[in-house]
Structure formats: C-alpha cells, structure tokens
Amino acid sequence: MMQTTRTALLTSVVAVCLTGCIGLGGKTPPFLLTLDADAAPTSGEARTAAEAATLTILIPTAPQKLRTTRIPVQQDDSSVTYVKDAQWVEAPQRLFQRLVSETVAARTARVVLDEGQYLTAPGEQLAGQLMEFGIDARSDEAVVVYQAMLVSAGGKTVTQRRFEVREPLADKIEAKPAGEALARAANKVAVDVAAWLGG
C-alpha cells in the first residue's frame, strides 16, 4: 500500500515538473535561425602546420542579454526586448565562433582548430567577447561587435582589436529580416577578422 502511494506521488510530481518545463519554453517559433559562412574551406584540401603555426578559435564570452537563443533589441540606453518568434538553433556565441573559424580557414593559410582539438597543438589562440549581436531599434540596424584577443603561442603576447559592423534592416523588426541582417553583419566581421589574422 505504501509502495503504491509512493509511486502515485512520484508520478504526479514528475508530471507537474514536465508540464512546468514544457510551459517554460513558450510557443515554438515557426522556424529557427542559423549563421552560414559566405566563404568555406575547399573540400578535400589538406594543410599541415607546426604547433606554433596553428590557430585555435575559442567560443567568445558574452553579456547576459546574449546568453540566450533569442535576438535582443536595444530600445534605448536602459531597456532591451527580444524579437518575436526569432530564435537561433543554438547560442549565438557558438554560431559566431563557427562562422569565424570557417571564414579564417577559407581566407587564410592557417590551420584552424576548434576548442575540442586545441589540447593537441593549441598554437595561437583567438579569444574575445561578443559584445553586441542584436538589433538597435533606434537606428533600425543589426549590430555585431566583437572584441577579439589574440594570444601568442605560449601566452607571451596578447593583441586586442575591436570589430564592429552595422547592417540596415531590409524590413521591420521581425524574425526573418533580423536574422538575415545579423548574418550579413556577422559575415563582414568574420572577413575583417580573417584579414587581420592574415596568412
């Protein structure tokens, strides 16, 4: 009898928890947004580099407003909202890191490593902060700001550079035009980063 009561109680608790979890997500958006690199490495191309010549591109840090799959809209200096029905397939920091990696690998001669590979031969490391990755409602622009930090192999020198691109919205602030404008801005930042890193 006690076992049956316990089982019934546990089932009720699990059901309530699941209902709460499902409810937290809200309505599922009609589509998910992603970032694709305008330039990608040539398929089948092999590159070799000594440890010091490799480049590991790390996932950038980000402020709290970007630690979500939603697109922030800066309404004024002190208030932020989010674009209705706009949601990335994963955190924008990870999408941006992958975009920069693809672009640098395509536009330079560097051997580019991901965080999961750098323990073997980290070489130089590109870290930084994704400071802005959203919409500025005051100017109707998509804004991407990346504060990059290049750490030399062995960590003896650190070089910083700030990259910023603004792209006008093609339409009102909605999911698809916002995602497209951010993708254009992010690709331009990635190209600028690749040019800075050189070959």
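Taking each residue of the range 165-178 that is without any contact (Cβ under 8 Å) to a residue 40 or more places away in the chain and within 26 Å of residue 192 (Cα to Cα) and looking for partners that are in a loop (DSSP other than H, G, I, E, B) and not polar (S, T, N, Q) with beta-carbon atoms closer than 7 Å, six or more apart or interchain, yields 168/140; 169/140; 177/169; 177/170; 177/171.
Right, residue 66: touching a Gly at 6+ places or on another chain (Cβ under 8 Å) and buried (at least 21 other Cβ atoms within 10 Å of the Cβ) or not?
Details: touching a Gly at 6+ places or on another chain (Cβ under 8 Å): yes; buried (at least 21 other Cβ atoms within 10 Å of the Cβ): yes.
It is true that residue 66 is touching a Gly at 6+ places or on another chain (Cβ under 8 Å) and buried (at least 21 other Cβ atoms within 10 Å of the Cβ).
Of all residues in the range 181-197, those satisfying the criterion of being among the hydrophobic types (A, V, I, L, M, F, W, C) and under 16 Å from the mean Cα position of the chain (by Cα) are 181, 182, 183, 185, 186, 189, 190, 191, 193.
Identify, please: which residue in the range 114-130 is among the charged types (D, E, K, R) and within 18 Å of residue 35 (Cβ to Cβ) and is, among those, modelled with the highest pLDDT?
Applying the first criterion (among the charged types (D, E, K, R)) to the range 114-130 yields 114-115, 124.
This time we only want the ones that are within 18 Å of residue 35 (Cβ to Cβ), so: 114-115.
Details: 114: 80, 115: 76.
Result: 114.
The listed residues are 86, 91, 137, and the only one of them that is of a type outside the set (Lys, Arg), farther than 17 Å from residue 196 by Cα and without any contact (Cβ under 8 Å) to a residue 60 or more places away in the chain turns out to be 91. Considering only residues in the range 166-180 that are of a type in the set (D, E, K, R) and over 18 Å from the mean Cα position of the chain (by Cα), the one that is surrounded by the most Cβ atoms within 10 Å (Cβ to Cβ) turns out to be 174.
Table: residues versus (1) buried (at least 19 other Cβ atoms within 10 Å of the Cβ); (2) at pLDDT below 95; (3) aromatic (Phe, Trp, Tyr); (4) under 26 Å from residue 32 (Cα atoms).
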{"site": "132", "(1), (2), (3), (4)": "yes, no, no, yes"}
{"site": "136", "(1), (2), (3), (4)": "no, no, no, yes"}
{"site": "146", "(1), (2), (3), (4)": "yes, no, yes, yes"}
{"site": "155", "(1), (2), (3), (4)": "no, yes, no, no"}
{"site": "159", "(1), (2), (3), (4)": "no, no, no, no"}
{"site": "164", "(1), (2), (3), (4)": "no, no, no, yes"}
{"site": "182", "(1), (2), (3), (4)": "yes, no, no, yes"}
{"site": "190", "(1), (2), (3), (4)": "yes, no, no, yes"}
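The values are calculated or read from the model by the stated rules, or taken from the named source; none is laboratory data. Computed from a prediction, not measured in an experiment: that's the story for all the values here. Backbone-built Cβ (ideal geometry, glycine too); neighbour counts: all protein chains shown.
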